[in-house]
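The values are calculated or read from the model by the stated rules, or taken from the named source; none is laboratory data. For clarity, every value in this text was computed on a predicted model and none was experimentally measured. In this analysis, Cβ positions are derived from the backbone assuming ideal geometry, glycine residues included, and neighbour counts consider all displayed protein chains.
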Amino acid sequence: MRGESLLSLERLAGCRLCRRSRWRVLRSRWLAASLTCTILVIYMCSQDLLLSSMRFPLLWESSNPPRQVTVLIWYEPFGKRRRLGNCHILFNISGCHLTTNRSLYQEADAILFHHRDIIDYTDFPLMGRPTFQKWIWMNFESPSHSPWLYTLGGVFNWTMSYRVDSDIFVPYGYLFSRKRAKIFLPRKRKLVAWVISNWNEDHERVQYYNQLREYIDIDIYGRYGMELREDNIVKTVSEYKFYLAFENSLHTDYITEKLWRNAFKSSAVPIVMGPSRYNYEMFIPRNSFIHVDDFSSPRKLAMFLKYLDKNTHLYRRYFTWKKRYDVHVTSFWDEHYCTACETVKTTGNQHRTVSDLAGWFES
């Protein structure tokens with residue numbers, strides 16, 4: 001989709017088996033992804049509508065009551081133990097039993113494997129995978145921070161990630177429609193902010209910042225800068241007109257909370273470095289952000305930011321989307337677990353094997 005033609009979603013689930021006629025409005029790789037997808041409940045928008053209020057019918061939907069399914073989380077992400085949420089209370093998804101109890105392995109309908117916790121196969125289920133069971137590869141890091149990919153071909157049935165062409169698509173955030181409202185912006189006395197915890201001089205984002213700061217003042221927060229106001233990113237960044245939403249690596253669809261929470265939730269115009277502008281415009285309006293690729297040099301970007309700082313009317317145009325849309329920031333990890341559970345329920349016996357995990361995820 002180009003320009004104002006956007007894709008967004010409310011259920012945060014990806015699908016490859018939706019009616020083909022519904023998907024003819026999607027273009028290029030969106031169409032290709034949809035025709036090979038395994039699961040999805042998705043919302044589309046036209047040039048004026050970002051989020052539809054009607055859920056697309058699925059080919060396998062029936063009038064039968066939803067069955068109870070068990071989803072086993074094999075690795076708790078990054079080794080941190082946490083209490084599992086209730087899918088019905090949190091997301092109105094019924095019939096889900098989430099567990100980390102590995103003794104329930106043989107009766108689990110699906111097993112979630114968090115990629116960053118996979119070291120080798122020594123602690124994988126020793127008895128292999130029952131024919132009815134689905135193994136789901138879950139990863140929300142970029143390919144640059146995802147080792148072991150080439151050793152995992154043919155192991156998993158489904159993929160779950162921020163990539164649109166995942167079997168289960170869960171982005172870091174999205175826009176959803178609301179009743180038309182006036183644009184309200186907090187009072188802004190400062191110009192540019194950046195919150196960063198992983199500073200590496202070899203990263204493209206740090207190199208770009210080092211050039212940009214020669215032409216414009218940038219306040220740095222986090223491990224290598226000032227302390228956040230009340231230890232809160234949104235409260236801190238809300239005082240600024242612009243925010244550097246620079247990703248730590250540049251990959252397809254890799255658009256993280258740096259855009260959705262740090263910038264949009266703070267009502268700061270995001271200056272993005274990540275995938276292409278075309279890729280960003282699949283998720284958000286083209287006039288809601290500034291891409292570093294729009295300028296031939298950091299100096300010219302700095303000149304443009306100073307120009308917007310002096311032209312309130314032009315600056316406020318970057319928030320036109322706020323009249324009709326609000327921001328949802330995905331909740332780690334309950335939202336992911338419950339989305340996986342809902343997907344398992346709706347797909348019945350749909351099966352496949354991911355033969356080339358690395359080739360797909362690194363593309």
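Looking across segment 280-307, the residues that are surrounded by 19 or more Cβ atoms within 10 Å (Cβ to Cβ), part of a helix (DSSP H, G or I) and either in contact (Cβ under 8 Å) with a residue 40 or more places away in the chain or in contact with an Asp or Glu (Cβ under 9 Å, 6 or more places away or on another chain) (or both) come down to V292, P298, L301, A302, L305.
Pairs, please: C-beta under 7 Å, at least 6 apart or cross-chain, first residue assigned by TED's automatic domain parsing to the domain that holds P130 and in segment 84-105, second at pLDDT below 95 and crowded, with 17+ Cβ neighbours inside 10 Å? From residues that are assigned by TED's automatic domain parsing to the domain that holds P130, the pairs are G95/K345; Y105/P125. Filtering L250, L259 for residues that are in contact with a strand residue (DSSP E or B) (Cβ under 9 Å, 6 or more places away or on another chain) and part of a loop (DSSP other than H, G, I, E, B) leaves a single hit, L250.
Among all residues of segment 312-324, there is none that is part of a helix (DSSP H, G or I) and in the same structural domain as S144 (by TED's automatic domain parsing).
Here are F140, F184, F176: which of them is touching a His at 6+ places or on another chain (Cβ under 9 Å) and not assigned by TED's automatic domain parsing to the domain that holds Y75? When all the criteria are applied, what remains is F176. Filtered by the rule that a residue be under 11 Å from the mean Cα position of the chain (by Cα), assigned to a strand (DSSP E or B) and aromatic (F, W, Y), segment 149-186 gives F169, Y174.
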